[in-house]
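S.K.: Take this structure, written in structure tokens, and hold onto it; I'll ask about it next.
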Amino acid sequence: MPFPRRPLQPTRSATDWLGAEIRHWRELRGLSPSELGRAVQLSADAIEKIEKGDRLCSPEHARLIDIRLDTGGVLERFQPFAKAEADKRRRQADNGGKQIRPAVAGSILVTNRSTEEPPMERRTLVAAGLLGTTAGLDSLGEDHGFGPRISRADVVLVEETSRQLREWGNLHGSSGAIFQTAALSVLQKSVDRAGDCPPRLRPQLLAATGRLALTLGSNRFDHFQHDHAKTLFSLATTCAEEADDWVLRASVLNWRARQAIWLERPDQGRTLAEMGLVRLDRIPPRAQAALHNCRARAYALLGQAKPALAAVDASDSLFDGPWGDDEPAWLAYYDAPQHHGDTGHALRDLAIAGLLPPDRAAARLATAAAGHSDAYRRSRAMSVSRLATLLLVTGDPQEAMTVAHQALDDVGQVHSRRAAADLSEFATIAAQRRAPGTTAIRERIAAAVGR
């Protein structure tokens, strides 16, 4: 009997991630290790070792595999990060295991690979049309695609980094210090080179940089590194305004509003959301709908049911109406499950406060939970957790426990402090109400959160 295939561990290291990505693309293209190996002049055994993270893929083989699997160049772009991390691990081993930290001075963003919050400083330098500077990460060393002259390829590098980080966060949560570090390195270089960018490319580079800063900020928010998230959101706002990108500006203000509301500052959240609704002629319907959802949540937490419901209705009208052909591709995340989850969250707050019957909120959260695919596991976990809390407070505690266990199936697979906090809220209320099954659910939550 053959041994079961060893599961990959893409979060363990950059080399592991690169190997897992190669296996993903190989299987997507329907090739065996032998078939891919023949195409790139490697043995099947070498391909399997690379996929398992036991061997680092060389730059040349990363390029050849990209071509054969038609990946769009993702492997070749990421390979330098894997090599830099492997080199750093080797230096640490040679140094008796002591940590080697980058010598970075006067930087906006400084990172290390620890799971604790890395130090970060914000220095805003917006003068003479330049966006400020950052010091690069000495431990990574290379420009990773940024040549002496900024080109469209550099913009694509920043855009692709943002896309990959978004997809990782939706599936795995805010884990992966390796990928955060790699993305921060790209961000720092992008900001640092903005002043060298040709005028025709400058808006594109600034917009891409802003989206990457926004993605990193949302991941820091998800990990409760709130000061760092605010710094990154501030940088994203500056980029959006300098690029004259009103859609990006609205999206950043949406995230800033969500963070303020999470931190129990609903009035500030409402203000930020309404700031995002300036120049509606420049903002597509889905971006407007997301901002109205923030307004709805803010009003709900303030105990103002009438304006909260009006904000939900405004969001529904925008989402159900025509979208137009000019919406950016990165807004595609705001689909029907996301819309139902966000509006359902606001309605849930009203229902828990006794200001609205629970049925409408429950229906929306259930629709969101059913609609989110595995690619949006974090969002699904939060919708299911919120539905469980709603049922616990307003409905059947036994059904609530069943739903909470469903949420844990996802929470156990993502690293998201927001998702864990939603379930912790459920456990606290269950204990207060002495709901049957509280001990078992609390033990599962503790195991999932503390893994």
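The values are calculated or read from the model by the stated rules, or taken from the named source; none is laboratory data. Because the structure is predicted, anything quoted here is derived from the model rather than measured. Every residue, glycine as well, gets a Cβ built from its backbone with ideal geometry; the counts of neighbours run over all protein chains shown. What goes into the accessible areas is simple: the full protein's heavy atoms, side chains included, and nothing from ligands, DNA or RNA. Shrake-Rupley method; radii C 1.70, N 1.55, O 1.52, S 1.80 Å.
S.K.: Please report, to one decimal in angstroms, the Kirkwood hydrodynamic radius of segment 308-438 built from all distinct Cα-Cα pairs.
M.R.: This gives a value of 15.2 Å.
S.K.: Treating only the Cβ atoms of Lys and Arg (+1) and Asp and Glu (-1) as charged, compute the dipole magnitude of segment 394-451 about its Cα centre; round to the nearest 20 debye.
M.R.: 260
S.K.: Can you tell me which aspartates and glutamates have their Cα less than 19 Å from the Cα of K189? Leave out same-chain residues fewer than eight positions away.
M.R.: E76, E85, E121, D138, E142, D143, D154, E159, E160, E242
S.K.: Taking only the alpha carbons of segment 213-302, what extent do you get along each of the three principal axes, in Å, biggest first?
M.R.: Over segment 213-302, Cα extents along the principal axes are 31, 27, 17 Å.
S.K.: What number comes out for the charge environment of W246, summing +1 per Lys or Arg and -1 per Asp or Glu over other residues with Cβ under 11 Å away?
M.R.: Here the count lands on -1.
S.K.: Would you mind giving the average projected area, over all directions, of the Cα convex hull of segment 302-368 in nm² with one decimal?
M.R.: Average projection, Cα convex hull of segment 302-368: 4.9 nm².
S.K.: Taking θ as phi - 60°, what are the ³J(HN,Hα) couplings along segment 69-86 by the Karplus curve (6.51, -1.76, 1.60), each to the nearest whole Hz, with x for Gly and Pro?
M.R.: Using θ = phi - 60°, the values come out as 9, 6, 8, x, x, 5, 6, 5, 5, 8, 3, x, 5, 5, 5, 4, 5, 4 Hz.
S.K.: Would you list V186, V393 from the most to the least accessible area, probe 1.4 Å?
M.R.: V393, V186
S.K.: Let me spell out the model: positive unit charges on the Cβ of Lys and Arg, negative unit charges on the Cβ of Asp and Glu, origin at the Cα centre of segment 297-451. What dipole size does that give, in debye rounded to 20?
M.R.: 820
S.K.: Compute the orientation-averaged projected area for segment 152-282 from the convex hull of its Cα atoms and round it to one decimal in nm².
M.R.: If I average the Cα hull's projected area over directions, I get 7.9 nm².
S.K.: Within 10 Å, count the other beta carbons around each residue, average over each peptide in 194-207, 249-262, and list them highest first.
M.R.: 249-262, 194-207
S.K.: At a Cα cut-off below 29 Å, give the lysines reachable from K49, other chains included and same-chain residues fewer than 8 away excluded.
M.R.: K83, K88, K98
S.K.: A follow-up question, please. Sort the following peptides by mean Cβ neighbour count (other Cβ atoms within 10 Å, averaged over residues), highest first: 398-405, 291-298, 42-49.
M.R.: Ranked by mean Cβ neighbours within 10 Å, highest first: 291-298, 398-405, 42-49.
S.K.: Additional query: Among all the aspartates and glutamates, which ones have a C-alpha under 15 Å from K52's C-alpha, if same-chain residues fewer than 8 places away are not counted?
M.R.: Here the aspartates and glutamates satisfying the reach criterion relative to K52 are D16, E21, E27.
S.K.: Enumerate the amide H contacts of H415 below 5 Å, restricted to partners 5 or more residues apart or on another chain; note that Pro and chain-start residues carry no placed amide H.
M.R.: G173, S174, S175
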